[in-house]
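J.: Sharing a structure with you now.
The values are calculated or read from the model by the stated rules, or taken from the named source; none is laboratory data. These numbers come from a predicted model, not from an experiment. Cβ sites come from the backbone with ideal geometry, for glycine too, and all protein chains shown count toward neighbours. Please note that ligands, DNA and RNA were not included when accessible areas were found on the heavy atoms of the full protein model with its side chains. Shrake-Rupley method; radii C 1.70, N 1.55, O 1.52, S 1.80 Å.
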Amino acid sequence: MNILAIGDVVGSIGCKFLRAHLPQLKKFKGIDLVIANGENSADGNGITPTSANFLFDSGVDVITAGNHTFRRKESYEFFDSCESLLRPANFPAGAPGRGSCVVDMGRIQVGVINLMGVVYMESMDSPFDVADRILSEGMPKITLVDFHAEATGEKRSLAYYLDGRVSAVFGTHTHVQTADECILENGTGYLSDLGMTGPVHSVLGVKPELVIQKMRTKMPVRFDIADGPCEMDCALFHIDEKTGKTLEIERLRLA
Ligand SMILES: [Fe+2]
Ligand SMILES: [Fe+2]
């Protein structure tokens with residue numbers, strides 16, 4: 001089974017680029033399921049029902065999120081009602097939505113878990129403990145984890161912790177694709193960060209001059225999304241349906 005995971009989609013420019021390329025890629029690579037991180041898919045940050053539906057209509061099956069999940073109030077109800085729109089599972093109880101889901105593909109089921117790091121990020125429940133809890137409650141043999149985190153060390157630690165218990169762990173949040181894809185000893189596929197779907201000439205999707213201004217002055221600056229050519233960073237996990245283990249990872253960067 002081929003499962004594609006797409007890095008943080010930034011703004012309508014990133015959403016449109018995804019729509020222009022995903023259908024063809026799905027056909028060309030024989031992709032069965034698509035997971036995309038949509039935490040920045042709305043213009044002006046966060047995710048809205050409109051940006052989420054745009055991604056679903058473009059061929060994304062499960063949307064994950066991260067630290068920008070609840071930037072937009074208009075999405076709270078949608079997080080509660082839409083089963084394939086996830087927020088990190090280690091948010092405090094009482095936050096809208098859910099942190100994991102199971103996609104029923106008829107002959108086979110696929111689980112997706114979204115977690116957020118706690119190193120150099122807001123404090124949350126332990127992603128390690130929450131992963132244990134979700135897995136002990138029962139997830140399908142094929143289950144993938146989007147670990148939305150800053151620190152590579154934390155990402156690798158969680159991957160080793162879950163090695164053999166999930167099919168794959170991939171990172172999001174940094175918007176910069178890493179080149180460390182590997183299959184761990186017990187069959188879990190791993191990549192520290194998928195990267196981003198958005199403007200190439202940018203700092204994490206934002207106009208560079210605005211980020212430079214912010215860095216130099218430490219004053220509040222409105223971040224506008226950059227324009228120009230885009231890229232779609234993603235990774236294709238080829239998973240053995242019988243064992244749930246990753247057989248091969250193909251890291252992709254469409255530009
Ligand atoms: Fe992001
Ligand atoms: Fe993030």
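J.: Taking the Cα atoms of region 1-41, what is the range of coordinates along each of the three principal axes, in descending order and whole Å?
T.: On the principal axes, region 1-41 reaches 29, 17, 9 Å in Cα extent.
J.: Using a/c under 1.5 as the rounded threshold, could you call region 71-148 rounded, prolate or oblate? The axes a ≥ b ≥ c are square roots of the C-alpha gyration tensor eigenvalues, and prolate needs a/b larger than b/c, oblate otherwise.
T.: Values: a/c = 2.20, a/b = 1.22, b/c = 1.81.
Oblate.
J.: Could you sort R216, R98 by their accessible area in this structure, using a 1.4 Å probe and putting the largest first? Spell out each step's value before the answer.
T.: Working: R216 200, R98 65 Å².
From most exposed to least exposed: R216, R98.
J.: Taking only C-alpha pairs under 8 Å that are 6+ residues apart, what is the relative contact order of region 166-255 in percent?
T.: On the way: 192 pairs, mean separation 26.3, N = 90.
After rounding, I find 29 percent.
J.: Which residue, chosen from P140, A159, H201, occupies the Cα position most advanced towards the positive end of the dipole of region 126-223, where the dipole is computed from +1 (Lys, Arg) and -1 (Asp, Glu) charges on Cβ about the Cα centre?
T.: Selected residue: H201.
J.: Evaluate the chain: find the radius of gyration of its Cα atoms, find its Kirkwood radius, and give the ratio Rg to Rh. Don't skip to the end; give the middle numbers.
T.: Details: Rg = 16.9 Å, Rh = 17.9 Å.
Result: Rg/Rh = 0.94.
J.: Hey, could you get me the Stokes-Einstein D for region 141-255, Kirkwood radius over alpha-carbon pairs, 4 °C and 1.567 mPa s, rounded to whole µm² s⁻¹? Please list the in-between numbers first.
T.: Values: Rh = 15.3 Å.
The calculation lands on 85 µm²/s.
J.: Report the relative contact order of the chain, percent, no decimals, based on alpha-carbon pairs under 8 angstrom and at least 6 residues apart.
T.: Values: 644 pairs, mean separation 48.7, N = 255.
Relative contact order of the chain: 19 percent.
J.: To the nearest 20 Debye, how big is the dipole of region 165-255 about its Cα centre, given +1 on the beta carbon of each Lys and Arg and -1 on that of each Asp and Glu? Write out the running numbers ahead of the final one.
T.: Values: 10 positive and 13 negative charges, 106 e Å.
Result for region 165-255 is approximately 500 debye, rounded to the nearest 20.
J.: In degrees from 0 to 90, rounded to the nearest 10, what is the angle of the helix 152-162 Cα long axis to the longest principal axis of the chain?
T.: Relative to the chain, helix 152-162 is tipped by roughly 20 degrees.
J.: Round to a whole angstrom and tell me the spacing of the C-alpha centers of region 52-77 and region 184-241.
T.: Cα centroid of region 52-77 versus Cα centroid of region 184-241: 17 Å apart.
J.: Mean residue ellipticity at 222 nm from the helices of the chain, using -39,500 (n - 2.57) per DSSP H segment of n ≥ 4 over the full residue count, to the nearest 500 deg cm²/dmol?
T.: Numbers: 6 runs with 65 residues, N = 255.
One gets -7500 deg cm²/dmol as the mean residue ellipticity at 222 nm.
J.: Further, regarding this structure: For region 212-255, count all C-alpha to C-alpha pairs, find those more than 12 Å apart, and express that count as a whole percent of the total. Kindly include the intermediate steps, with their values, before the conclusion.
T.: Working: 705 of 946 pairs.
The proportion of pairs with Cα distances above 12 Å equals 75 percent.
J.: Pairs K155/K245; K26/K245; K16/K141; K27/K207; K16/K155: which exceed 23 Å Cα-Cα?
T.: Numbers: K155/K245 19 Å; K26/K245 21 Å; K16/K141 33 Å; K27/K207 33 Å; K16/K155 29 Å.
Pairs exceeding 23 Å: K16/K141; K27/K207; K16/K155.
J.: Could you work out Rg/(2.2 N^0.38 Å) for region 81-223, with Rg from alpha carbons only?
T.: Numbers: Rg = 16.8 Å, N = 143, 2.2 N^0.38 = 14.5 Å.
Dividing the Cα radius of gyration by 2.2 N^0.38 Å gives 1.16.
J.: Rounding to the nearest 20 debye, state how big the charge dipole of the chain is about its Cα centre with +1 on each Lys and Arg Cβ and -1 on each Asp and Glu Cβ. Could you put the intermediate results ahead of the total?
T.: Values: 25 positive and 33 negative charges, 88 e Å.
Charge dipole, the chain, about its Cα centre: 420 debye, nearest 20.
J.: Note down the relative contact order for region 45-163 as a percent, whole number, built from C-alpha pairs under 8 angstrom at least six residues apart. All intermediate terms of the calculation are to be shown ahead of the outcome.
T.: Values: 197 pairs, mean separation 24.9, N = 119.
Relative contact order of region 45-163: 21 percent.
J.: Assuming a viscosity of 0.890 mPa s and a temperature of 25 °C, what translational diffusion coefficient in µm² per second does Stokes-Einstein assign to region 58-109, Rh being the Kirkwood radius over Cα pairs?
T.: So the translational diffusion coefficient is about 208 µm²/s.
J.: Using only the alpha-carbon atoms of region 1-152 as identical scatterers, what base-10 log of I(q)/I(0) does the Debye formula give at q = 0.09 Å⁻¹?
T.: Reported log10 I(q)/I(0), two decimals: -0.26.
J.: Could you compute how fast region 87-127 diffuses translationally, taking Rh as the Kirkwood radius over C-alpha pairs and applying Stokes-Einstein at 37 °C with viscosity 0.692 mPa s? Give it in µm² per second.
T.: Numbers: Rh = 11.5 Å.
Answer, rounded: 286 µm²/s.
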